[in-house]
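*Asks:* This is the structure I have questions about; it appears just below.
The values are calculated or read from the model by the stated rules, or taken from the named source; none is laboratory data. Remember, predicted model here, so these are calculated numbers, not experimental data. Cβ atoms come from the backbone with ideal geometry, glycine included; neighbour counts cover every protein chain shown. Note: accessible area is taken over every heavy atom of the protein model, side chains too, but ligands, DNA and RNA are not part of it. Shrake-Rupley method; radii C 1.70, N 1.55, O 1.52, S 1.80 Å.
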Amino acid sequence: MPSIKDYNRKISSLKNTSKITKTMKMVSASKLRKAQESQRQAKDFAHEVNQLIHRIGGQVDSDMHPLLATSDEVKKVLVVMFTSDKGLCGGFNNNLIRHAEKMLEEHQDDSIAYEFAFIGRRGYNHFQKRVKVWKFFEDIPSAAPDSKAASRVAKKLEKAFLNEGFNRVIMLCNEFISPLAQVPEIRSLLPLDTSDLPEEALEATSPDADILAEPEMGKLLSFLVPRLVTFKVFYALLENTAGEHGARMTAMDNATTNAMNLIEENTLLRNRARQAAITTELIEIISGAEAL
Amino acid sequence: MSSFPLRIFTPEGPIVDGEVETIVVTAYNGSLGVLAGHAPMISAVVIGPGKVVQSGATQWYVFGEGTLEVRGPDVVLLVDFAEKADNYDAAKAQSVEASVSE
């Protein structure tokens, strides 16, 4: 039977653990807020870009920009997987990995070649030996992404789509529903869906004839389209970050609750052990006195 | 010196939103500066150094790809990213780094 000292040791170690998990929860909560705020601002950016396309009077057709061109036959698909770098966030990464494996299983018999790009170490560590790795974006911090990183990733993906024979680029990431719920989701990135672009330009927004454009209007429009790709990548990065912190918050909250329960249980056991020791001692004294 | 309202948007949020005297960006075919009262214009912006002069103080930046739009008195810069730099040389070095890492 463990002694009182054993119980005391266990309780104090549990208390320390709960302190750590509690702090991690609070840190994640504040980072989550930041990520959500960034998401909102990223949306504002996309809105501005769309408005500008609108103002230029552009009606974007799918044959206008190579990033919009759909191919009839899909042979090579690039999957970009967003996971976190660090663990301790519940099933956040595992759910996504399972989702990816299911997807691969379903498409096993198709003649489509899948290649993977990874953002976040967790996904890469799991899949590096299992699938064909196109690239691991090692230097993108999953916990706090910036738009420069997003622009770099977006450029690479655009290049892959345009020059390396990929017919589609899809993103595999967790959709952030609430801090308690993240759902694995597959999103199409390239070819860019024209529904992401503004509806037909209104008559009233036709540009003034005397506006200076450099380069000419048509080319300018094609210059704006990749901004939307950057936005989508950045948004997915942020959603991944928000999800990671949300999941960690929930996981750490559960861990704290569990630690508290264990502390309570162990305190009871310790008290029982202490009482047992006292009773034994008393019996010893009484029986000793009786013997005299 | 007369000023004009400038807004710089990046996916990370607005970087600048206020009255400034000058903005310089690296445009499609060379450096491009805008002062108050510029004719309406839209220009493509490429990765490169740029600066904003706000109430006499100059701040250097590295701007990512995007567009610069002059609309009436308003000037809007939409770029992938905007990173502060200490001076022109630092901005230049940072932008070379940014375009190489692609």
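*Asks:* What pairs can you find where one residue is in segment A:133-154 and at the interface with chain B (Cβ under 9 Å from one of its Cβ atoms), the other is open to solvent by less than 50 Å² (accessible area, probe 1.4 Å) and part of a strand (DSSP E or B), and their Cβ atoms are less than 6 Å apart, with a gap of 6+ or different chains?
*Replies:* A:S147/B:T10
*Asks:* Another question, then. Can we say B:V76 is open to solvent by less than 20 Å² (accessible area, probe 1.4 Å) and in a strand (DSSP E or B)?
*Replies:* So B:V76 fits the description; yes.
*Asks:* Among the residues of segment A:104-113 satisfying the criterion of being open to solvent by 100 Å² or more (accessible area, probe 1.4 Å) and over 23 Å from the mean Cα position of the chain (by Cα), which is modelled with the highest pLDDT?
*Replies:* Step by step, filter segment A:104-113, then rank; the result is A:E106.
*Asks:* Another question about this same structure. Conditions first: (1) at pLDDT below 85; (2) touching a helix residue (DSSP H, G or I) at 6+ places or on another chain (Cβ under 6 Å). A:K10 passes all but one, so which condition is the exception?
*Replies:* That leaves (1) as the condition not met.
*Asks:* Now, a different point. Against the definition (in a strand (DSSP E or B), at the interface with chain A (Cβ under 9 Å from one of its Cβ atoms) and either open to solvent by 60 Å² or more (accessible area, probe 1.4 Å) or out of contact with any helix residue (DSSP H, G or I) (no Cβ under 8 Å at 6 or more places or on another chain) (or both)), how does B:V70 come out, yes or no? First the steps, then the outcome.
*Replies:* Details: in a strand (DSSP E or B): yes; at the interface with chain A (Cβ under 9 Å from one of its Cβ atoms): yes; either open to solvent by 60 Å² or more (accessible area, probe 1.4 Å) or out of contact with any helix residue (DSSP H, G or I) (no Cβ under 8 Å at 6 or more places or on another chain) (or both): yes.
When the stated conditions are applied, B:V70 passes them.
*Asks:* Something else about it: Would you be able to tell me the number of residues in segment B:42-67 that are farther than 22 Å from A:P226 by Cβ and either facing chain A (nearest Cβ under 9 Å) or touching a residue at least 60 places away in the same chain (Cβ under 8 Å) (or both)?
*Replies:* Qualifying residue count for the region: 0.
*Asks:* Ok, one more. Just one of (1) in a strand (DSSP E or B); (2) among the hydrophobic types (A, V, I, L, M, F, W, C); (3) within 8 Å of chain A (Cβ to nearest Cβ) trips up B:A39, so point out which.
*Replies:* For B:A39, the exception is condition (1).
*Asks:* Looking at A:N271, A:N254, can you tell me which residue is within 29 Å of A:V183 (Cβ to Cβ), of a type in the set (S, T, N, Q) and surrounded by 12 or more Cβ atoms within 10 Å (Cβ to Cβ)?
*Replies:* Residue meeting the stated conditions: A:N254.
*Asks:* Can I ask one more? Looking at the structure I just gave you, is A:R98 within 14 Å of chain B (Cβ to nearest Cβ), open to solvent by 40 Å² or more (accessible area, probe 1.4 Å) and not polar (S, T, N, Q)?
*Replies:* On the way: within 14 Å of chain B (Cβ to nearest Cβ): no; open to solvent by 40 Å² or more (accessible area, probe 1.4 Å): yes; not polar (S, T, N, Q): yes.
No.
Conditions (1) in the same structural domain as A:H65 (by TED's automatic domain parsing); (2) in contact with a Lys or Arg (Cβ under 9 Å, 6 or more places away or on another chain); (3) at pLDDT below 90; (4) assigned to a strand (DSSP E or B), marked per residue:
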{"residue": "A:I97", "(1), (2), (3), (4)": "yes, yes, no, no"}
{"residue": "A:K102", "(1), (2), (3), (4)": "yes, no, no, no"}
{"residue": "A:E115", "(1), (2), (3), (4)": "yes, yes, no, yes"}
{"residue": "A:K135", "(1), (2), (3), (4)": "yes, yes, yes, yes"}
{"residue": "A:P141", "(1), (2), (3), (4)": "yes, no, yes, no"}
{"residue": "A:P145", "(1), (2), (3), (4)": "yes, no, yes, no"}
{"residue": "A:K148", "(1), (2), (3), (4)": "yes, no, yes, no"}
{"residue": "A:K155", "(1), (2), (3), (4)": "yes, no, yes, no"}
{"residue": "A:L172", "(1), (2), (3), (4)": "yes, yes, no, yes"}
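*Asks:* Please count how many residues of segment B:1-45 are in contact with a Lys or Arg (Cβ under 8 Å, 6 or more places away or on another chain), buried (at least 17 other Cβ atoms within 10 Å of the Cβ) and not aliphatic (A, V, I, L, M).
*Replies:* Looking only at that region, the number is 1.
*Asks:* Within segment A:67-88, identify whether any single residue is part of a helix (DSSP H, G or I), modelled with pLDDT under 85, within 30 Å of B:F9 (Cα to Cα) and more than 17 Å from the chain's Cα centre (by Cα), and answer yes or no.
*Replies:* Yes; the residues of segment A:67-88 include at least one that is part of a helix (DSSP H, G or I), modelled with pLDDT under 85, within 30 Å of B:F9 (Cα to Cα) and more than 17 Å from the chain's Cα centre (by Cα).
*Asks:* What are the pairs, 6+ residues apart or on separate chains, where a residue within segment A:158-172 that is within 14 Å of A:H65 (Cα to Cα) has its Cβ under 6 Å from a residue that is of a type outside the set (K, R) and open to solvent by 10 Å² or more (accessible area, probe 1.4 Å)?
*Replies:* Partner pairs satisfying both residue conditions: A:L162/A:P66.
A quick yes/no check of all residues on (1) buried (at least 21 other Cβ atoms within 10 Å of the Cβ); (2) of a type in the set (S, T, N, Q); (3) under 26 Å from A:S147 (Cβ atoms):
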residue	(1), (2), (3)
A:S30	no, yes, yes
A:Q39	no, yes, yes
A:F45	yes, no, yes
A:V49	yes, no, yes
A:K86	no, no, yes
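*Asks:* Let me ask another. Counting only residues that are farther than 23 Å from A:C89 by Cα and among the aromatic types (F, W, Y), how many does segment A:117-156 have?
*Replies:* Selection size over segment A:117-156: 1.
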